[in-house]
There are 2 protein chains.
Amino acid sequence: MKKLLTAFVLFSSLYTYGQGKQNQSLIQYVKPIIGTQKMGHTFPGATVPFGAVQLSPDTDTIPYEKDGKYNKDVYRYCAGYQYDDPTIVGFSHTHFSGTGHSDLGDFLIMPSAGKLQLNPGTADHPENGYRSAFSHKNEVAEANYYKVKLDDQQILAELTTSTRTGFHQYTFPASDEAHIILDLMAGIYNYEDKVVWTHVRVENDSLVTGYRQTNGWAKNRTVYFAMSFSKPFKEYGTKDYSKGQVYKGFWRKFDQSKNFPEIAGKQLRMYFNFNTTDKEKIKIKFALSPVSTKNALENMQAEIPHWDFNKVKEEGQQQWEKELSKIKIKAAGTEEMINFYTAMYHAAIMPTVYMDVNGEYKGLDQNVHQAEGFVNYTSFSLWDTYRAFHPYLNIVNPSRNADMVQSMLAHYDQSAQKMLPIWSHYANDNWCMSGYHSVSVIADAIIKGTFKGDAAKALEACVTTARTRSYEGIGYYIDMGYIPQDKNGTSVSSTLEYAYDDWCIAQVANKLKRTDLYNEFIKRAENWKNVYDPSIGYMRPRMTDGTFRKEFDVLKTDGQGFIEGNTWNYSLYVPQDPDKMIEMMGGKKKFAVHLDSLFSMHLPDEFFAETEDITREGIIGNYVHGNEPSHHVAYLYNRTGQPWKTQEKVRMILKKQYHTGPDGLGGNDDCGQMSAWYIFSSLGFYPVAPASDQYWLGSPAVYSASIQLENGKIFKVEAKNQSDKNVYVQKVTLNGSLLDRLYISHHEITEGGTLVYTMGPKPKVEGTKL
Amino acid sequence: MKKLLTAFVLFSSLYTYGQGKQNQSLIQYVKPIIGTQKMGHTFPGATVPFGAVQLSPDTDTIPYEKDGKYNKDVYRYCAGYQYDDPTIVGFSHTHFSGTGHSDLGDFLIMPSAGKLQLNPGTADHPENGYRSAFSHKNEVAEANYYKVKLDDQQILAELTTSTRTGFHQYTFPASDEAHIILDLMAGIYNYEDKVVWTHVRVENDSLVTGYRQTNGWAKNRTVYFAMSFSKPFKEYGTKDYSKGQVYKGFWRKFDQSKNFPEIAGKQLRMYFNFNTTDKEKIKIKFALSPVSTKNALENMQAEIPHWDFNKVKEEGQQQWEKELSKIKIKAAGTEEMINFYTAMYHAAIMPTVYMDVNGEYKGLDQNVHQAEGFVNYTSFSLWDTYRAFHPYLNIVNPSRNADMVQSMLAHYDQSAQKMLPIWSHYANDNWCMSGYHSVSVIADAIIKGTFKGDAAKALEACVTTARTRSYEGIGYYIDMGYIPQDKNGTSVSSTLEYAYDDWCIAQVANKLKRTDLYNEFIKRAENWKNVYDPSIGYMRPRMTDGTFRKEFDVLKTDGQGFIEGNTWNYSLYVPQDPDKMIEMMGGKKKFAVHLDSLFSMHLPDEFFAETEDITREGIIGNYVHGNEPSHHVAYLYNRTGQPWKTQEKVRMILKKQYHTGPDGLGGNDDCGQMSAWYIFSSLGFYPVAPASDQYWLGSPAVYSASIQLENGKIFKVEAKNQSDKNVYVQKVTLNGSLLDRLYISHHEITEGGTLVYTMGPKPKVEGTKL
């Protein structure tokens, strides 16, 4: 790992940026390679902040099914790239960042020279297909720039992007058999029938347009493209790998395999042939649109009206620099800088822009909509991101977060189910995970004053969603106060999450003086109590008849009423009322001991196997940082009179769970949530209950930080006497006054000011009242 | 047949129309049932002139394949309805009129009562499915109105339409199990994978929207719909008949089979349940769009903002009355009136409007376009319709024809192949049949002055199309002056048709003073000579080496270098230079004898079997009226000095080939071409060579006709002393002056005037100079 890191630093130092202000550059600390090994599920390729295009290498394209059954290996390729793989199949334009299920991988392009091979080949024998071996020593991954030498082909591949356009630059050897392959069958979480339809038009000798509809995690997802070559191809062709279209009719008049400009079908691969001189660069601009090929072309022309690769790279890197500059930190060393700014990088990839330059996007109702007064975003992994990611945006990117909220409300308007998004991408909801956490994001924005638009309408959307009786046990939840386990397999986690979400709705109702709704939802917010079994001191599945289910294992996850978390972790999930929870679980003292056990106990392998999405390193004792339900847990010590334990645990998690190597993330980054946890906790505070305006104090890991707010003000954090050993907070002042509480409020941040922690090597509780 | 006719007349007399002006009504003579038996391939259902919706009963839904092979029976169901069938499967919204291959049959609706059955059942056992037995005695088919009693269901079904909206009215018995079934798998020329994708949204308890993409004759055709019920359904559901979607994921949270509002997949059937009182009417408005569900709904709201079935029916019938009133005839009897006005009806169904009320349509490039200044049309069966149908429109509907030409030019603009349409429907070209006859239609419009727009651009489109070397032998044709049979199986018919089309281009080039192009194409127009074998006196396939192919049968069609016509028929196809053809075939006398043989010889069954699309009654001797290549042949006698033979043959064909029964058409109506032949020939003239301005004289079958021209003028035809025996023209005057030629010019029609034929029982050539 250390060795690799050296390689990165070396590459960094070679890096020249913008006007040459190398010393001021923050993007030098961005290592997109972090999280690409094992469970991080990040991608190393190029993208701009929240860009619609994520142009990145895919090291394998594993089928979703094997022998008619789910193929477990597919999971490793959520982002298309696994660090340990020896070959690259090609470069595709869409990738999720850090998800635990996947889709996308649209429009895979691969350059090759020599004999044309249209099949990808295998990792063992890349020479039998168009894929190529590669080596990490010939690989550079920066923010918005990726470079790799393709060993088999002796082609240098470089990638960069603008918001909606991928830019490829391939340096070829001399060849009269140079090819660009466009694999329209390839994809992530792929299977034979996933591609519903593909339509391609060769408009002229250097422009290709088309679209592809897939039926995957998103049931019905269509992506349109325009592909422009810097040099005319001398010939092109298509191979149809499907069993064929039943009706061929008079299309037989044409030889559709070669130089035929209108290609449509289900399983297609295309090639474009060139003659190249030595070191000749063939460049490709590849623009996407959710609406039409016309819009894709318009996006390309608006964003990149030239062929200057470096200009696009630099403009994108300037966007990243601007994004990262919103928080300027000083920290102990390069590792900390890399961890912090790579976290900021990973927390600015998703959700992605889902709108053309002309403002059009496809809605859930399959119609084309015009985004009026907001940027439309997609890919909301809300079960993850409501916790810290969206609250993080509310501080550093409130306008963008407001647009994301508008996007969610547009989703609601277009939803046949009349629901806010659960896990939405590309004009679809895939309904992944539990809760209806859009309401948390919306409530957080309304409570913190970053919401734009009609709050009453937003409240209505939240309420309607929360009253959708047919959705995952909500009917039972409303009628009985909990979801019976005999009716729904994730009855406890859903009950707990609904209760928190309902509390969020109540906060908004209160703010908007809708007493009726406040009363309804503040009552529902207490439903967590209905699944708490005082006889064992844990949340526990309950049956329709009111009894708790007899068979129960507090370490087990599967079949116990939870999703991605056993009751040890999930029982702590009452962010809306931790004091009452602590009281019910035996009071502060007993609860603190209970927390101590969580972090120190050993989770046997048989149970670890059930924690999804994480490596063994992703857990500490039985505390599962790699999954989200425990993200607030370390902060709960604050309410037990032992805040120093929050401080030490937070610092321990920061150290243990985040590294600078490719395997630097112990679990899926989850679309920025893991990274947002890192950013908040490094700064010394964390939003335990979004939709409250409080951030609970932890232990800052930086020396200092300066947060540039959108309103022009600056909020500073200083950690005096900071070191790896001095993790305990001795004193906190806000704008010079001693802080007599363990939280700060959102308005205290947005008003600007300075929060000073004085650190020490031993716990000190005096001076903090709570 | 007679008996049936009586039934029709009875229904007609019961018919009350508009303001009750029954006597003046022409639509009383429209019998949509004509051509629904055997080979006519017309449909009996409701449509308005050139309407986008053709709402009509389907009597069976035969699969395209049977045991993995083409199912010959599917051909009988080109229009969905076969008169002899005992059951109706349902009512679908799109139908071709008189084609010889098919597609469409979108969105089949069927009412039922009692136990819900989602499968269609079989003709033998309709009780095992949702289909129903019916009887022609309980059936009424009028222009824009269709009514039938569904015997099994005891439901009265009534259908009418506006341009883009179908209107269903079902009168139910009392039932607490009344259903409306929406079969999204059904279709014409259907097979398992034809439906690529279906997406449906239940917007509320009486509105459903969605779309369906099919891969059939049109490779990639999507139709969007909005479906509104007059009464809320009490519940609804979906059954997915596909092998299922691989990824189901969190969609399992929902019961998608019942009352679930977002339905997507490949093989779906839906039902909507109601309680009905006795004789309760449930009405459905079903609007289509080529663009979006939003546009479909807008179409519905713009066209039918109410629930008054009779109003829609009457408005549509008024449109028909207006259309038919463009030619007012007097004729011998009701049969002649029915034949004539049903021909006018059938010549006003296709092409169909392909554009939403807001002007949007989907183009060949898959993008949404706005039709600027014209109505966009689709479904151009040009190999058929360039002959007489479009010339007919140039007289009675020149503005509409100009819009159709604009639609063809828009098609060209959007074509990846840079070609004008060959056989286009729904933003696709299916490339059916030979030639590039768009150029004939465009040239005819330019020569006759009905063309609107940029003629130079139109010429460019024609020239580019004619120079597409990769298309069906054009490269050989250009290089060698003919298509070698060893390169292309329809080498002779294509060579002949290209030569005629090239002559059309030359006419335009001449008019636009493009001498370069004139010279190029007038030379190409002589290429027909290259496939004429003087040693046998027939057109004959020629090989790459210049020799005529040895194996050749003048009666055979298959494998002889022709499509839908043997050399007996096709050798006569030189409309651009009949005099030269006659000369080469031995001169006038010999040629006339040759023609006599054509009409009098016997075509043995083995060869008849190869003439597609027609019944045995569709031929006269070896003259195949049921197919198009011979449509001008009877008029060729005019150039042999024996015009009386044209006269008697035309009258014979009118009598023999057109009847008032369901089997009244001896071959496919071919989208109005057969009907346009009837109309022209009945009026006494015919456009032998579209793109010339001449109409050759035949023998009028009407007593008189008054053609209302768009410019406000009237052109009258009178046939004095007219009778079944008096088929010979004794004298012709135009505006009182003796006509000394056997043709009239287009401008003589458009200037208004009176053409008077004096008829007699015996040939008389004196007074006609040619």
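Things to note:
- Amide H partners (placed H, <5 Å) of B:GLY216, local residues excluded: B:ARG221
- In the structure shown, the pairs A:LYS326/A:LYS556; A:LYS452/A:LYS523; A:LYS69/B:LYS115; B:LYS452/B:LYS645; A:LYS556/A:LYS589 are assessed against 30 Å; a Cα-Cα span above that value is assigned to A:LYS326/A:LYS556; A:LYS69/B:LYS115; B:LYS452/B:LYS645.
- The slack in the chain from B:ILE536 to B:ASP454, taken as 0.36 nm per residue of separation less the alpha-carbon distance, amounts to 25.0 nm.
- Computed over region A:326-760, the range of Cα coordinates on each principal axis works out to 58, 55, 44 Å, biggest value leading.
- Between copies, the label points of B:LYS716, set 7 Å from Cα on the Cα→Cβ line, lie 10.3 nm apart, reported in increasing order to one decimal in nanometres.
- Neighbour counts of other Cβ atoms within 10 Å put A:GLU65, A:GLU497, A:GLU177 in the fewest-to-most order A:GLU177, A:GLU65, A:GLU497.
- Footprinting exposure proxy for A:VAL140, B:VAL208 (fewest neighbouring C-beta atoms within 10 Å first): A:VAL140, B:VAL208
- Restricting the trypsin sites (Lys or Arg not before Pro) of region B:668-754 to loop positions (DSSP other than H, G, I, E, B) with no more than 11 neighbouring Cβ atoms within 10 Å leaves B:LYS725.
- Relative compactness, the protein assembly as shown, computed as alpha-carbon Rg over 2.2 N^0.38 Å: 1.06
- Inter-part distance where region B:571-602 and region A:110-179 are each reduced to a Cα centre, Å: 66
- When all alpha carbon pairs of chain B are counted in 20 Å bins from zero, the resulting P(r) reads 17, 50, 28, 4, 0 %.
- Under 13 Å, Cβ to Cβ, from B:ASP444 - net charge with Lys/Arg +1 and Asp/Glu -1: +1
- For B:LYS66, the distances from its label point to the matching points in the remaining copies are 4.5 nm, ordered from shortest, with each point set 7 Å beyond Cα toward Cβ.
- Ranked A:LEU654, B:LEU420, criterion: other C-beta atoms within 10 Å, fewest first: A:LEU654, B:LEU420
- Theoretical FRET efficiency, 1/(1+(r/R0)^6), r = Cβ-Cβ of A:TRP307 and B:ARG467, R0 30 Å, to 0.05: 0.40
- Applying 0.36 nm per residue to the separation of A:LYS762 and A:ALA174 and subtracting their alpha-carbon distance, the gain on full extension is 205.0 nm.
- Across region B:33-321, the volume of the C-alpha convex hull divided among the residues equals 126 Å³ per residue.
- Normalising the average separation of contacting C-alpha pairs (under 8 angstrom, six or more residues apart) by the number of residues puts the relative contact order of region A:41-308 at 20 percent.
- Amide H contacts of A:GLN54 (H built 1.01 Å from N, under 5 Å, at least 5 apart or other chain): A:THR94, A:HIS95
- For region B:466-523, the set of trypsin sites (Lys or Arg not before Pro) satisfying both a DSSP loop assignment and a count of at most 12 other C-beta atoms within 10 Å is given as B:ARG469, B:LYS513.
- Max-minus-min Cα coordinates of region B:251-393 on each principal axis give 69, 50, 28 Å, with the largest extent listed first.
- Annotation: amide H of B:CYS432 within the under-5 Å range of B:TRP423, sequence separation 5 or more or interchain, hydrogens built in the peptide plane.
- Relative contact order of chain B, taken over Cα pairs closer than 8 Å and 6 or more residues apart, is 12 percent.
- Rounded to whole Hz, the Karplus (6.51, -1.76, 1.60) HN-Hα couplings of region A:457-474, x for glycine and proline: 5, 5, 4, 4, 4, 5, 5, 4, 4, 6, 9, 6, 4, 6, 8, 5, x, 4
- Exam field: B:LYS243 pseudo-label spacings to other copies (7 Å along Cα-Cβ), nanometres: 0.6
- Of the trypsin sites (Lys or Arg not before Pro) in region B:530-577, those whose Cβ has at most 12 other Cβ within 10 Å and which sit in DSSP loop: B:LYS550
- Summing +1 for each Lys or Arg and -1 for each Asp or Glu among the other residues whose beta-carbon sits under 14 angstrom from that of B:HIS594 gives +4.
- Calculated mean residue ellipticity at 222 nm for chain A: -8000 deg cm²/dmol, from DSSP H runs with n ≥ 4 weighted as -39500 (n - 2.57), summed, divided by the residue count and rounded to 500.
Just so you know, all these numbers are worked out from the coordinates, no wet-lab data involved. Keep in mind the model is a prediction, meaning the values are calculated, not measured. Glycine also receives a Cβ, built like all others from the backbone with ideal geometry; neighbour counts cover every protein chain displayed.
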